[in-house]
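Note sheet for the following structure.
Derivation of every value follows stated rules applied to the coordinates shown; laboratory data play no part. The structure presented is a predicted model; accordingly, all values stated were derived computationally and were not measured. Quick reminder, even Gly has a Cβ in these numbers, built from the backbone with ideal geometry, and neighbours come from all protein chains shown.
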Amino acid sequence: MSVMRFGSLAVLTGSVLLSACVPNGVYVDPFNPWGVPTYPPATPMPVTYVDVYKYQGSRQCEGGGTPLAEMQRQLQASGAIISNSSCGTDGRMYSALCGTADGRINIFTISSNSMNTALAQGFTPLTNLPEAQRATCYNAPSSTGTSTTYPYTGSNNSSYYSYQ
């Protein structure tokens, strides 16, 4: 009995003493316990994306504003990483009055690391505009430069609407 007690006490003492030699948080290769300690490989952070928007600055009956491609070049020049871009509307209602805002926005999907860069450029998170919708870009240059005018045919009104 005393030999078994001595043997188990020796194993317990040896394991306690040897465990004190291992630094905390360090991975020790079981096949090379006295070699150079190595740390486990770092797990890369997943890339996340956020949507941001900025008003084009276009006006009713006038068009204008900053085209999607130009705004994308400005955002990329500031260092933002863009994965997707599209035009859209802010989802708000506007009175039909020439020269007033039309609610057209440019929407960009950027990496979350680029968010501060986009905010510094005047962009806003799309989550602040829950009614916003992606739409077709209308401010592309026209091939003919002409417009077609159609009469309004309701209730003896002789006003005209012009479409490009």
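To make sure I understand, if each residue's beta carbon is the centre and we count other beta carbons within 10 Å, what order do E131, E70 fall in, fewest to most?
E131, E70
Extending 7 Å from the Cα toward the beta-carbon at both V47 and E131 defines two label points whose distance is 3.5 nm. Each residue of segment 107-119 was assigned a 3J(HN,Hα) from its phi angle through the Karplus expression (A = 6.51, B = -1.76, C = 1.60, θ = phi - 60°), giving 10, 10, 9, 10, 5, 5, 5, 8, 4, 5, 5, 5, 5 Hz with x at Gly and Pro.
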